[in-house]
Amino acid sequence: MRSPQTRGPGLRLGLDDYMEDFDRYFWRSGPEGFWKLERQQSFQEPGVQSWEAFRRGHWDESLALIEGQRSHYEEYFRRITASGFALHRVRCVEEPISPYLQWELHLLRLKAQYGEDTRVLTGEGIRRYEARHPLSEIVVLGSRVMYEVLYDDEGVLAGGIRFDDPHAVSECRQTIQEMHRSGEPLDDFFGSHVAQLPPPDLTREQV
């Protein structure tokens with residue numbers, strides 16, 4: 001299987017420049033849409049209230065804070081639809097599910113209820129694409145630009161590398177779409193693998 005890896009020269013952006021650049025292109029994703037590949041099993045999300053509660057070990061509070069974001073995501077996805085594009089995500093999940101992923105999958109499930117199209121890739125589905133090297137965190141915005149998303153050693157967002165060669169962007173998007181088609185719908189995976197899990201054991205958390 002082709003691996004959706006970024007190739008060739010790219011423009012490395014620090015966090016502030018990456019966020020500004022991303023926002024400029026995000027709302028112009030167009031009919032090709034937004035495609036995201038998430039491979040890493042743990043991140044740090046400082047400033048996100050529900051994640052902060054999760055990290056303090058307050059699981060019920062964390063879930064309540066996720067639930068409290070319904071109106072925010074309803075408006076957010078209404079704006080996305082009005083802008084003429086859709087969000088698609090491939091979430092790679094290794095088992096046993098990491099504490100971070102247990103939290104994130106609850107958040108992704110809420111987003112899916114308002115329009116994000118997420119599928120889960122596990123086990124052999126991941127390994128088919130990692131025969132030569134680990135998958136990167138990649139975001140493709142329409143037909144114009146894609147990013148390899150960068151994190152520091154603690155798993156905190158640190159910036160990105162932008163690529164804008166049309167052929168490379170198209171090739172990477174098509175491979176992520178292929179991965180998405182082979183994945184399991186998030187709602188099905190959540191019901192069978194996540195819904196009945198006990199509160200996460202933070203002693204297992206690793207970036």
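The values are calculated or read from the model by the stated rules, or taken from the named source; none is laboratory data. Only a predicted model underlies this, so the values are computations on that prediction, with no experimental measurement involved. All Cβ positions, glycine included, derive from the backbone under ideal geometry; neighbour counts span all protein chains shown.
What's the number of the only condition in (1) among the hydrophobic types (A, V, I, L, M, F, W, C); (2) touching a helix residue (DSSP H, G or I) at 6+ places or on another chain (Cβ under 8 Å); (3) surrounded by fewer than 19 Cβ atoms within 10 Å (Cβ to Cβ); (4) over 16 Å from Leu105 (Cβ atoms) that Leu65 fails to meet?
(4)
Criterion first (within 21 Å of Leu197 (Cβ to Cβ), among the hydrophobic types (A, V, I, L, M, F, W, C) and buried (at least 20 other Cβ atoms within 10 Å of the Cβ)) does Trp59 satisfy it?
Criteria not met by Trp59.
Yes/no matrix, rows are residues, columns are (1) surrounded by fewer than 16 Cβ atoms within 10 Å (Cβ to Cβ); (2) over 15 Å from the mean Cα position of the chain (by Cα); (3) modelled with pLDDT under 95; (4) not small (Gly, Ala, Ser):
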{"position": "His72", "(1), (2), (3), (4)": "yes, yes, no, yes"}
{"position": "Pro96", "(1), (2), (3), (4)": "yes, yes, no, yes"}
{"position": "Arg128", "(1), (2), (3), (4)": "yes, yes, yes, yes"}
{"position": "Ala131", "(1), (2), (3), (4)": "yes, yes, yes, no"}
{"position": "Gly160", "(1), (2), (3), (4)": "no, no, no, no"}
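I'd like to verify a number: residues in the range 122-145 that are out of contact with any Ser or Thr (no Cβ under 7 Å at 6 or more places or on another chain) and either assigned to a strand (DSSP E or B) or among the hydrophobic types (A, V, I, L, M, F, W, C) (or both), how many?
6
Yes or no, residue by residue, for (1) at pLDDT 95 or above; (2) within 22 Å of Asp117 (Cα to Cα); (3) crowded, with 17+ Cβ neighbours inside 10 Å; (4) in contact with a Leu (Cβ under 7 Å, 6 or more places away or on another chain):
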site	(1), (2), (3), (4)
Thr6	no, no, yes, no
Tyr25	yes, yes, yes, yes
Leu37	yes, yes, yes, yes
Gln40	yes, yes, yes, no
Gly84	yes, yes, no, no
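Name every residue in the range 171-207 that is charged (D, E, K, R), surrounded by fewer than 14 Cβ atoms within 10 Å (Cβ to Cβ) and either assigned to a loop (DSSP other than H, G, I, E, B) or at positive phi (or both), in order of residue number.
Listed by number, the list holds a single entry, Asp201.
Mind telling me which of the residues Glu94, Glu32 ends up being among the charged types (D, E, K, R) and either more than 22 Å from Gly160 (Cα to Cα) or without any contact (Cβ under 8 Å) to a residue 40 or more places away in the chain (or both)?
Among Glu94, Glu32, only Glu94 is among the charged types (D, E, K, R) and either more than 22 Å from Gly160 (Cα to Cα) or without any contact (Cβ under 8 Å) to a residue 40 or more places away in the chain (or both).
Do the conditions hold for Gly47, that is, is it out of contact with any helix residue (DSSP H, G or I) (no Cβ under 8 Å at 6 or more places or on another chain), more than 24 Å from Met146 (Cβ to Cβ), assigned to a loop (DSSP other than H, G, I, E, B) and of a type outside the set (Asp, Glu)?
Judged against the criteria, Gly47 is a match.
More than 22 Å from Leu65 (Cβ to Cβ), of a type in the set (Val, Ile, Thr) and at pLDDT 95 or above: does that describe Val145?
yes
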